[in-house]
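Beneath this line is the structure, given in structure tokens, with notes to follow.
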Amino acid sequence: MVDRGGDAAKEQAILKQLSQTASAQTSRPRAVAKIFEVSTEYAGGAARIHSMAVLGDQVLFGTDEGLFAATMGESASLRTLVGGLEILSLVVVEAAMVAVAVVGKKEELMMYGLTNARAGALSATPLGVRKVSKLVVGESGRTPFVAAISGRTVKVFRCENGRLAEIAEHQSPAPIECVRFYRAFLIVGWRAQFDLLELETSAVSTLYVSPAGAVPRDALVTDRQLLLVFSDEGVTVSIAGAPADRGTMRWTVSPSAMALSTPYLLGLSSEALEVRNQITGRLIQTLAFPALSLGACVRGDDGKTTIYITTYDAATAQARIVSLSPVESGGLTSERAAIAAAMDAIAAAAAELDGFDLAAAGGLMAPVAATDPEAPADD
């Protein structure tokens, strides 16, 4: 009779390793082909860009000096839409051709009609809300919504017929750090937890509380699940708050914002952008940019998402808007990303069980020194 106790123990160890690989404890970059095409859409000016949005082939952005627009890739096409006002936060509801902005020292909420924006003529409507720190746009079905954060309060507006109507208001016990729309819900991050606000009923439920007391940074929808981004980790849960099988992702640098361009996660800090595998959280590349912030995420008709970031070089006093577009030949499909993730997990488990050094053996997780996005893959 064959004793299969040892094999069973090994099988359990492998399964355990597979479930824990997503924690990315060995988050070392791997050699890859160029993942994103990096293009400068605007460069110039001495004022740092506070926020930006995309409207067709136009980039709209706000600075201490006003609201401006330029055709992508044509910095010389810059024109002033609103002059003499600080534009601190900005979102565009393209379906309604309106922009919503936080304006001036009073941080007042304003709506601008964009129908005649190319001619530089904007209609302005004050919305009677002040001390707004951040704006977020989203939609449920085909209805666009805008959320405005003000301290412990978030107000939600529905955009209809070119107008904004307030439909919900929610107060948290502590200042709100971030919000994100998901279907008919608003995900609200505050102190060390995320709550779920149902827009129609204003009912609130606790989604997830960080055991370590980490600060909420962002939330993303990935494969019909929610990736809750904290200052030190990312936790994937269902809409009911139940943890998923992917485990916990650990960040090398605490992100201020997170973006998704399937099958990659992009974590942004003030000086660097980390590209990770969406499934395992494994670090693939790190790109350095000065005074970096997330501008916009735009999903194209082909289903691919282009990420826009803003940067500011204090040495040259130059602001830039940069786009990162997925490369057709270099990027992975979701299926290939899943296969790569499974191979990583199996190889790591085998290495731990059999006691050999995978990196020394030239395995899948061997680190590379180069993190240049233009660097070719090793042959």
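The values are calculated or read from the model by the stated rules, or taken from the named source; none is laboratory data. In this text the structure is predicted, and so the values were computed from the model without any measurement. We place every Cβ from the backbone using ideal geometry, glycine too, and count neighbours over all the protein chains shown. Side chains are part of the model used for accessible areas, which takes the heavy atoms of the whole protein and leaves out ligands, DNA and RNA. Shrake-Rupley method; radii C 1.70, N 1.55, O 1.52, S 1.80 Å.
Below is a table of values for the structure above.
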{"item": "Residue-span extension gain [A95 to C297] - 0.36 nm each, minus C-alpha spacing", "result": "71.1 nm"}
{"item": "Most to least accessible of V38, V253 (protein chains only, probe 1.4 Å)", "result": "V253, V38"}
{"item": "Inter-label distance, nm, simple model (7 Å from Cα along the C-beta direction), E160/A288", "result": "5.2"}
{"item": "Summed residue charge, Cβ within 13 Å of L228's Cβ, Lys/Arg positive, Asp/Glu negative", "result": "-2"}
{"item": "Charge context of E74, other residues only, Cβ under 15 angstrom, K/R +1, D/E -1", "result": "+1"}
{"item": "Anisotropy class of region 58-210 from Cα gyration tensor, a/c 1.5 cut", "result": "prolate"}
{"item": "Tensor-based shape of region 126-208 (alpha-carbon gyration tensor, a/c under 1.5 rounded, otherwise prolate or oblate)", "result": "oblate"}
{"item": "With DNA, RNA and ligands ignored, accessible area of R152 (1.4 Å probe; Å², nearest 10)", "result": "110"}
{"item": "Extension gain from I239 to T80, taking 0.36 nm per residue of separation minus the Cα-Cα distance", "result": "53.0 nm"}
{"item": "E37 versus A272: modelled label distance in nm, points set 7 Å from Cα along the beta carbon direction", "result": "2.8"}
{"item": "Geometric extent, Cα atoms of region 32-131 - Rg, Dmax (angstrom)", "result": "14.2, 50"}
{"item": "Distance (nanometres) between label positions extended 7 Å along Cα→Cβ at K304 and A212", "result": "3.5"}
{"item": "Computed Rg/Rh of region 169-314, alpha carbon atoms with Kirkwood Rh", "result": "0.96"}
